[in-house]
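Right, one structure below, let's go through it.
Laboratory data are not the source of any read-out in this text; all were calculated from the coordinates shown. The model shown is predicted, which means the values in this text are computed figures rather than measured ones. Here the Cβ is made from the backbone with ideal geometry for all residues, glycine too, and neighbour counts use every protein chain on show.
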């Protein structure tokens, strides 16, 4: 992997989250990751940011609450089976990263996946639960029939890493 300046990153936020998916990684209290396909990258408060959305029922949500940093790791399509697995199994009571054999390392308290095409390291700067009353009724019926409404987590982008070709 090679570190690049944020200005060198030329990607579509829509393609990244919709088609590549990502792993949200945390490493402070326990190493864990979950698959996500909802998120965005952009600018807020004159800072480069990444926004992710995590349900409170997810174990990663609990870990994100106590961690100051998180990583977003994007992979090629060949890793889709691993991403499916990591998105369907909780790491609360098992070491799912070890079980699936995905290589990773920890550096300065952040989780980096060795096979990722792109890694964005973020410092958490805001957490805001969605308020049910502010969600469109059709979306609420479709996406939240049992509650468990997402929390928005905004991180300031601190590092960007890309796979060397």
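Annotations for the structure displayed:
- Extension gain, residue 137 to residue 31, is 34.5 nm, computed as 0.36 nm per intervening residue step minus the present C-alpha separation.
- Here the average projected area of the convex hull drawn through the C-alpha atoms of the chain stands at 10.0 nm².
- Gain in span if fully extended, residue 14 to residue 77, counting 0.36 nm per residue against the direct Cα distance: 21.1 nm
- Candidates 22, 100, 122, ranked by Gaussian network fluctuation over the chain, Cα under 10 Å, top entry: 100
- Max mean-square fluctuation residue, GNM over the chain, Cα-Cα springs under 10 Å, options 75, 17, 130: 130
- Adding -39500 (n - 2.57) for every DSSP H run of four residues or longer, then dividing by how many residues the chain holds, sets the calculated 222 nm ellipticity at -4500 deg cm²/dmol.
- Annotation for residue 99 and residue 46: the two label points, set 7 Å from Cα along the Cα-Cβ direction, are 4.7 nm apart.
- GNM result for the chain, Cα springs below 10 Å: residue of 102, 135, 24 fluctuating most strongly: 135
- Extended-chain gain in nm, criterion 0.36 nm per residue less alpha-carbon gap, residue 165 and residue 7: 55.0 nm
- For the pair the range 1-37 and the range 99-159, the centres of their Cα atoms are 10 angstrom apart.
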